[in-house]
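All remarks here apply to the structure that follows.
The values are calculated or read from the model by the stated rules, or taken from the named source; none is laboratory data. Keep in mind the model is a prediction, meaning the values are calculated, not measured. Cβ placement follows ideal geometry from the backbone for every residue including glycine, while neighbour counts extend to all protein chains displayed.
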Amino acid sequence: MPASTPAEAVEVYRARRVALLSCLTPAYVELRGYAPSPRPHPFALAKGETVRLRGESELGLSVIEEYEIAQTVEGDWQVRVVSYFYAIEQEGTELIAYHWHPHGVSPITDSHLHVRADIQVGDRWFGKVHLPTGAIQLERIVALTIRELGAEPLRDEWERLIDEAAVR
């Protein structure tokens, strides 16, 4: 969605994230940064803490992103997610975590998945292995928690909101 100012682009990003996450939780989102910067700006659900989701599965969700604000060749402004950490827990134990951190201390900079697995492969624990993935969008995580893992949606129109979030 084209925005005429950096602040407008951030507000569109924030509003879309709030609508999407409201399918699962009333927890607040926090972001910092309404102007272009050489460093990415942080976005987090509940300050990056795990929020408990409704449903029998006793799931928890963590969402942290970093975003940049950039001008397109057409002159509009847009927000781009440039790193993410999405984790789903059950009863306080992380089940899966999708990571993408192209800058930082880890030598693994591509998007990847960690799964809880108490299996040893050679001298490595499988739960520590970085399983390659393509880019994972937050709407896919929301859909996964509802459709596959049994989280109860808080909104009747959750499918429409997921579909709307998928339209870029």
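Quick check on the stretch 101-109. Is at least one of its residues assigned to a strand (DSSP E or B), of a type outside the set (A, V, I, L, M, F, W, C), loosely packed, with under 15 Cβ neighbours inside 10 Å and more than 17 Å from the chain's Cα centre (by Cα)?
From the stretch 101-109, those assigned to a strand (DSSP E or B) are none; that's our starting set.
Looking for residues that are assigned to a strand (DSSP E or B), of a type outside the set (A, V, I, L, M, F, W, C), loosely packed, with under 15 Cβ neighbours inside 10 Å and more than 17 Å from the chain's Cα centre (by Cα), one finds none in the stretch 101-109, hence no.
Could you tell me which residue of the stretch 22-37 is nearest to residue 164 (Cα to Cα), considering only residues that are touching a residue at least 24 places away in the same chain (Cβ under 8 Å) and of a type in the set (Ser, Thr, Tyr)?
Top of the filtered list is 22.
Identify, please: which residue in the stretch 34-57 is assigned to a loop (DSSP other than H, G, I, E, B) and in contact with a helix residue (DSSP H, G or I) (Cβ under 7 Å, 6 or more places away or on another chain) and is, among those, nearest to residue 142 (Cα to Cα)?
53
Sort out which residues of the stretch 120-154 are under 26 Å from residue 79 (Cα atoms) and either assigned to a loop (DSSP other than H, G, I, E, B) or of a type outside the set (D, E, K, R) (or both), and write them in order of number.
Matches in the stretch 120-154: 132, 133, 134, 135, 136, 137, 138, 141, 142, 143, 144, 145.
Using the structure shown, decide if residue 19 is outside any strand (DSSP E or B), in contact with a helix residue (DSSP H, G or I) (Cβ under 6 Å, 6 or more places away or on another chain), without any contact (Cβ under 8 Å) to a residue 12 or more places away in the chain and not aromatic (Phe, Trp, Tyr).
It is false that residue 19 is outside any strand (DSSP E or B), in contact with a helix residue (DSSP H, G or I) (Cβ under 6 Å, 6 or more places away or on another chain), without any contact (Cβ under 8 Å) to a residue 12 or more places away in the chain and not aromatic (Phe, Trp, Tyr).
One residue is enough: does the stretch 83-105 have a residue meeting the conditions out of contact with any helix residue (DSSP H, G or I) (no Cβ under 6 Å at 6 or more places or on another chain), at pLDDT 95 or above and farther than 27 Å from residue 151 by Cα?
For the stretch 83-105, residues out of contact with any helix residue (DSSP H, G or I) (no Cβ under 6 Å at 6 or more places or on another chain), at pLDDT 95 or above and farther than 27 Å from residue 151 by Cα: absent.
Please tell me if residue 62 is surrounded by 12 or more Cβ atoms within 10 Å (Cβ to Cβ) and of a type in the set (Ser, Thr, Tyr).
Criteria met by residue 62.
Let's see how each residue does on (1) out of contact with any Ser or Thr (no Cβ under 8 Å at 6 or more places or on another chain); (2) within 23 Å of residue 161 (Cα to Cα); (3) touching a residue at least 60 places away in the same chain (Cβ under 8 Å):
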| residue | (1), (2), (3) |
| --- | --- |
| 3 | yes, yes, yes |
| 59 | no, yes, yes |
| 62 | no, yes, no |
| 79 | yes, yes, yes |
| 90 | no, no, no |
| 105 | yes, no, no |
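Where residues in the stretch 1-16 are outside any helix (DSSP H, G or I) and of a type in the set (Gly, Ala, Ser), which of them is surrounded by the fewest Cβ atoms within 10 Å (Cβ to Cβ)? Spell out the reasoning first.
Taking the stretch 1-16 first, the residues outside any helix (DSSP H, G or I) are 1-5.
The next check asks that each one be of a type in the set (Gly, Ala, Ser); those that pass are 3-4.
On the way: 3: 19, 4: 10.
Filtering the stretch 1-16 for residues that are outside any helix (DSSP H, G or I) and of a type in the set (Gly, Ala, Ser), the one surrounded by the fewest Cβ atoms within 10 Å (Cβ to Cβ) comes out as 4.
Name the residue that is surrounded by the fewest Cβ atoms within 10 Å (Cβ to Cβ), counting only residues in the stretch 117-139 that are out of contact with any strand residue (DSSP E or B) (no Cβ under 9 Å at 6 or more places or on another chain) and among the charged types (D, E, K, R).
The extreme case among them is 123.
Out of the stretch 109-137, which residues are of a type outside the set (Asp, Glu) and more than 15 Å from residue 95 (Cα to Cα)?
The answer is 109, 111, 120, 121, 122, 124, 132, 133, 134, 135, 136, 137.
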